[in-house]
Amino acid sequence: VKKKHSGKETFLDEIYTELYITKGKTTELNDEHEVRRIEAASWKQNRPRETIRSEEIFKSPEGRNQIRTVMTMGVAGIGKTVLTQRFTLDWAEGRTNQKIQFIFPFTFRQLNVLKEEKFSLVELIHKHFKPIRDAGIHSFENFQVLFILDGLDESRLSLHHDEILTDVTESTSVDVLLTNLIRGKLLPKALLWITTRPAAANQIPPECVGMVTEVRGFTDPQKEDYFRKRFRDEEKASRIISHIKRLKSLFIMCHIPIFCWITADVLEGLLETRDGGELPKTLTGMYIRFLKLQIERKMIKYDGGQNTDSPWTPENIKIVQSLGKLAFEQLLEGNLIFYKPDLKKCGINIIDASMHSGLFTEIFKEERGMEDTSVYSFVHLSFQEFLAAVYMLHCFTSRNTEVVENFLGEKYRETSLEDFMKKVMEKSLKSKNGHLDLFARFLHGLSVESNHKLLGFLLGQTETSPEIIQKIINNLKEMNTDEDVSPDRSINIFHCRLEMQDFSVYQEIQQFLKSGKKLSEIQCSALAYMLQMSELLDEINLEKCNTSAGGRRRLVPAVRNCRKARLNYCSLSEISCASLVSALNSNPSHLTELDLSNNDLKDGGVKQLCGFLQSPLCKLQTLRLLGCSLSEISCASLDSALKSNPSHLTELDLSNNNDLKDGGVKQLCGFRQSPLCKLQTLRLNGCSLSEISCASLVSALKSNPSHLTELDLSDNDLKDGGVKQLCGFLQSSLCKLQTLRSVTMFNCASLGSALKANPSHLTELDLSRNDLKDGGVKQLFGFLQSPLCKLQTLRSVTMF
Ligand SMILES: *[C@@H]1O[C@H](CO)[C@@H](O)[C@H](O)[C@H]1NC(C)=O
């Protein structure tokens, strides 16, 4: 491991990535429980969210039991491999997990090569780890051993065998070996760590997996951290960070580490060459710049070229095209790694391959595998997908009908770009595992004129105009209205439109959220990611979203981009409030309305939220916290937050928090008395209030020119004493109340006389939950007859 790391800088060198537990499958804990427990534990250590550190990955979340098999998922480029390398390195250097005596890291890439051969487990280990063979270790039952199986998505093995194998010295196929290792028949005490892209995770039976974790990429501070580590020169790092932050979409995309790596390279190049130019805003734009940069570097280094030369010499075009051909053909077969025969099939000879990998060290690489066979791959799958798209578009524009027809699986003589794009998209929509998703995304990006130009002769001549671009976009829109399109593919259609810089897509993403299609957590992440890049949205409403609690939580960051946010029934906890607040604080906030009702926020959550309320950035006018399990502690936080800042808040709803009680109202009345208070609406329905609260409220309302026009005290046991207090206030000339809701046990005698005594502003009176007797009703009639009465609404009085 050390050797691997001491070589060329890998793109994630020195980067840590957090792991999120997505699902616990240990028998003694049920899923939801487990997450809660982790939340509670991490809360104590002030580490928000359900994260664990990678060195603790085999500990059950409670820290007591050890888990045998952990599966770590994550989308491409998010840093799974690096995470396992980091783990191994820390272990090898004696920093962590010293109870483990051997770590055997395998990649499915390496194992694929052995498909045809027969081994025992011991032989496999000896073959790959020579020091173990030399030390003569033939049995592993008495050691704590960890097998890392990296990149299940790249597996060409079949992991479904019924043959049972328990003997580590018995020879069999690699498929059977792995199947039994994974099922715990072979070396049942060994630990296993499997990493995969989500789409391939189902190859392992769920009962074999103790815990599923997910790598979710960089948080905002981690992005900055990355750039600071990458450019040890602080000034340069700061310049690049401020560049990226200025382009919001770039900054958001940087949650994928590979994108950080590319961005850093491209921006550094642009700053160096003074070429500056416009910074790319899309994925495709960034990859094109990256490719150009690599070629320019190669020209300067090997060909004695100048900065100013065009990179598109015939020789360079030929190299990129042959790599593109390889990328494309292997992508269609689902291969991400290539062996000599694969290269030969694409007409690339081995010498060329080695040369390419030497020239484009950042794009294409050659690794020595077991038995000195060379393994080739693109440094990252996304490069393969990008080059494949470049190749495909080239074949189309240069009328290479054979390749196009083979791909589309039909006779194809059309020459219009929009028709071709439509065909490609239809083909990619049929893919179950989405292997053409990114390819399609790049292809759409490449069709945009400005990108097209950057690639010059590489793509050949084709007609593109704003009209054609619009037709392509319209086709995409139509495809996404088709009921049969799976959520994954729908999301990819949105991505394609973004690559084409069609920003009207954001409204449709919101429609999509409400469409009732069932969304997985990872799909929610993808949508949240896009919504964060959006321009300001009017409203986001997660209640209608058909997804799990975890899915809703993942959508929360989108709040940073909207005016109104409805997050009721989103299973947010006090921990989720931390991510909400960080989203709210990250931007000059435009949020004026926030509804967090019916989430179990508790006082801790409100305390977090108050961090935002205090900020001068906060422009919130309406805050709803119905049924959030709040007590008077929350009221104290609210009070102090609202006092410390010129508050814009005009509506506060704290209804259905049983534990608020009189103490809470007393705290709030501190706020009421503050000259800053602009509250017009206050709802305290069902908060276990008594007449004491009425006293506090009335004294607060009287002592300050009150703006309050609506007061809801329904479902509280105010008693006659409380009612009297309120009636006293209603008589006062300070009272501007227009709406008053169903105060229980209202004494109509006092109400009637109170209302008569003062030019009343009251237009709405809701007494629906009172058991008014005839006497009370008479009193009210008296008021209704009076010329002072401005009531427009009077609700269902019983026994009228
Ligand atoms: C959520 O999605 C599932 C699966 O598609 C569907 O059966 C269910 O009706 C949807 N629920 C709502 C409220 O739309």
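The values are calculated or read from the model by the stated rules, or taken from the named source; none is laboratory data. Quick caveat: nothing in here was measured; it's all calculated off a predicted structure. All Cβ positions, glycine included, derive from the backbone under ideal geometry; neighbour counts span all protein chains shown. Heads up: the accessible areas ignore ligands, DNA and RNA and are worked out on the full protein's heavy atoms, side chains in. Shrake-Rupley method; radii C 1.70, N 1.55, O 1.52, S 1.80 Å.
Observations on the structure shown:
- Qualifying residue in region 153-167 (condition: assigned to a loop (DSSP other than H, G, I, E, B) and in contact (Cβ under 8 Å) with a residue 60 or more places away in the chain): yes
- Looking across region 486-509, the residues that are within 16 Å of the ligand (Cβ to nearest atom) and either surrounded by 19 or more Cβ atoms within 10 Å (Cβ to Cβ) or farther than 23 Å from G445 by Cα (or both) come down to P487, D488, R489, S490, I491.
- Whichever residue in region 269-285 is within 18 Å of S310 (Cα to Cα) and crowded, with 18+ Cβ neighbours inside 10 Å and, among such residues, is modelled with the highest pLDDT: G285
- Against the numbered list (1) within 14 Å of the ligand (Cβ to nearest atom); (2) within 15 Å of the chain's Cα centre (by Cα), R560 comes up short only at (1).
- Failed condition for D90, given (1) within 26 Å of C524 (Cβ to Cβ); (2) not in a strand (DSSP E or B): (1)
- Filter pass, L617 being more than 16 Å from the ligand (Cβ to nearest atom), in contact (Cβ under 8 Å) with a residue 40 or more places away in the chain and surrounded by fewer than 18 Cβ atoms within 10 Å (Cβ to Cβ): no
- Whichever residue in region 417-462 is acidic (D, E) and modelled with pLDDT of 90 or more and, among such residues, is surrounded by the most Cβ atoms within 10 Å (Cβ to Cβ): E418
- One residue from L555, L519, L531 being under 16 Å from the mean Cα position of the chain (by Cα), crowded, with 21+ Cβ neighbours inside 10 Å and within 13 Å of the ligand (Cβ to nearest atom): L519
- Failed condition for L152, given (1) open to solvent by 10 Å² or more (accessible area, probe 1.4 Å); (2) more than 16 Å from K185 (Cα to Cα); (3) not β-branched (V, I, T): (1)
- Only listed residue being part of a loop (DSSP other than H, G, I, E, B) and surrounded by 20 or more Cβ atoms within 10 Å (Cβ to Cβ), chosen from L177, L186, L192: L186
- Consider region 51-107 and keep the residues that are aromatic (F, W, Y) and in contact with a His (Cβ under 9 Å, 6 or more places away or on another chain). The one that is farthest from P198 (Cα to Cα) is F104.
- Count of region 113-145 residues which are surrounded by 20 or more Cβ atoms within 10 Å (Cβ to Cβ) and in contact (Cβ under 8 Å) with a residue 60 or more places away in the chain: 2
- Residues in region 504-525 that are modelled with pLDDT of 85 or more, hydrophobic (A, V, I, L, M, F, W, C) and out of contact with any Gly (no Cβ under 8 Å at 6 or more places or on another chain): V505, I509, F512, L513.
- The combined condition, being at pLDDT 90 or above, more than 21 Å from Q680 (Cβ to Cβ) and of a type in the set (S, T, N, Q), is fulfilled by N599.
- Of the residues making up region 534-546, just one is within 16 Å of the ligand (Cβ to nearest atom), under 29 Å from K281 (Cβ atoms) and among the polar types (S, T, N, Q), namely N541.
- Among the candidates C545, C524, the residue that is under 24 Å from A76 (Cβ atoms) and crowded, with 19+ Cβ neighbours inside 10 Å is uniquely C524.
- Some residue of region 468-475 being farther than 20 Å from T397 by Cβ, open to solvent by 20 Å² or more (accessible area, probe 1.4 Å), without any contact (Cβ under 8 Å) to a residue 60 or more places away in the chain and out of contact with any Gly (no Cβ under 9 Å at 6 or more places or on another chain): yes
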